[in-house]
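Visitor: Before I ask anything, let me first share the structure, which is written out below as structure tokens.
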Amino acid sequence: MNGRYEVRYSAIARAGGWAFLAIILCWLILPLIIWIIYCVKTHYDYDVIENGKIKRYRGMIAKSESTVVLTNVLSVSIDVTFMGRILNYGNVRTNCVGTHSDLHFLGVKDPESLKYFLEKLAAKKEEIKQIVTE
């Protein structure tokens, strides 16, 4: 039996299966860890609406707080996807008078109740104007 046979080795088998396991861990475990970190970070981002003002709290480690006064809200709209309708979340957008005064609430639980609340606030413009002057 004359001839030549070239032996080729599998990288997965040569690494004892560790290379395959490392690839699986990188593609399955790493995204899971990133998703968990993102969910924890999102838990620390919230807005408080009271007395015609919106206070935005952001950050888990480096925290920030900003305040926006609701004045002259023209309209409030909701964007809800198919999955958002099933899981009860969506985006709420407000159009306000002035530049850079539009507010966007992304991924809000129960967006219909937030829209109702903001429209109710918009109806009370006189009370908000008093808050601005104070």
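Any read-out appearing in this document is the output of simple, stated calculations on the displayed coordinates, not a laboratory observation. On a predicted model such as this, the values are computed, not experimentally measured, just so you know. When we count neighbours, we look across all protein chains shown, and the Cβ atoms used for this are built from the backbone with ideal geometry, even at glycine.
Visitor: For Glu119, are the conditions met, namely being surrounded by fewer than 16 Cβ atoms within 10 Å (Cβ to Cβ) and in a strand (DSSP E or B)?
Guide: So Glu119 does not fit the description; no.
Visitor: Could you look through the range 67-104, keep only residues that are out of contact with any Asp or Glu (no Cβ under 7 Å at 6 or more places or on another chain), surrounded by 15 or more Cβ atoms within 10 Å (Cβ to Cβ) and in contact (Cβ under 8 Å) with a residue 40 or more places away in the chain, and pick out the one that is nearest to Tyr46 (Cα to Cα)?
Guide: Leu103
Visitor: What are the residues in the range 49-84 that are within 16 Å of the chain's Cα centre (by Cα) and not in a strand (DSSP E or B), if any?
Guide: Of everything in the range 49-84, those that are within 16 Å of the chain's Cα centre (by Cα) and not in a strand (DSSP E or B) turn out to be Gly59, Met60, Val80, Thr81, Met83, Gly84.
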